[in-house]
Amino acid sequence: MIRRLIAAAAGAAAVLTALATVPAAAAPAAAARPRACNTQAVAAPLHTTDAVHLRAGRSRHSRSVMVLPKNTDFYAECWGVSDNDWWAYGKIMSGPATGRRGWVHIDYVATGYRHPAW
């Protein structure tokens, strides 16, 4: 039992070491986060699972900047909560609006990019 635990810990350490050596250039540079970002969650590549509003703030009542089509790549730089709803703030990574920033509701995104961003 102890040998298995030690082997599992060694395996986890090897994976973490490998992840730490991956070049950071693959991820977009994070711009200054808006004041509404109130979590320390990890940044993540996402894609939209349906058409979703890109909003100026983290609320369904915030101004809609545009509607992102399904399968738009989105790089979440930070996260926020409003009225018990989770929102991701980040940058659009595919399509004609590439480079724009805003908030999307997390019910409409999934992890990973769907299309090559570069």
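Numbers at a glance
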{"item": "Every residue from segment 78-100 that is at pLDDT 90 or above, crowded, with 17+ Cβ neighbours inside 10 Å and of a type outside the set (A, V, I, L, M, F, W, C)", "result": "Y89, G90, K91, S94"}
{"item": "Flag for V52 being modelled with pLDDT of 95 or more, open to solvent by less than 60 Å² (accessible area, probe 1.4 Å) and of a type outside the set (S, T, N, Q)", "result": "yes"}
{"item": "Residue tally, condition buried (at least 16 other Cβ atoms within 10 Å of the Cβ) and modelled with pLDDT under 95, over segment 55-64", "result": "4"}
{"item": "Residue check, W103 open to solvent by less than 50 Å² (accessible area, probe 1.4 Å) and farther than 13 Å from S59 by Cβ", "result": "no"}
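The values are calculated or read from the model by the stated rules, or taken from the named source; none is laboratory data. All of these numbers come straight from a predicted model, not from anything done at the bench. Note that each Cβ is placed from the backbone with ideal geometry, even for glycine, and that neighbours are counted across all protein chains shown. Just so you know, the surface numbers come from the protein's heavy atoms only, side chains and all, with ligands and any DNA or RNA stripped out. Shrake-Rupley method; radii C 1.70, N 1.55, O 1.52, S 1.80 Å.
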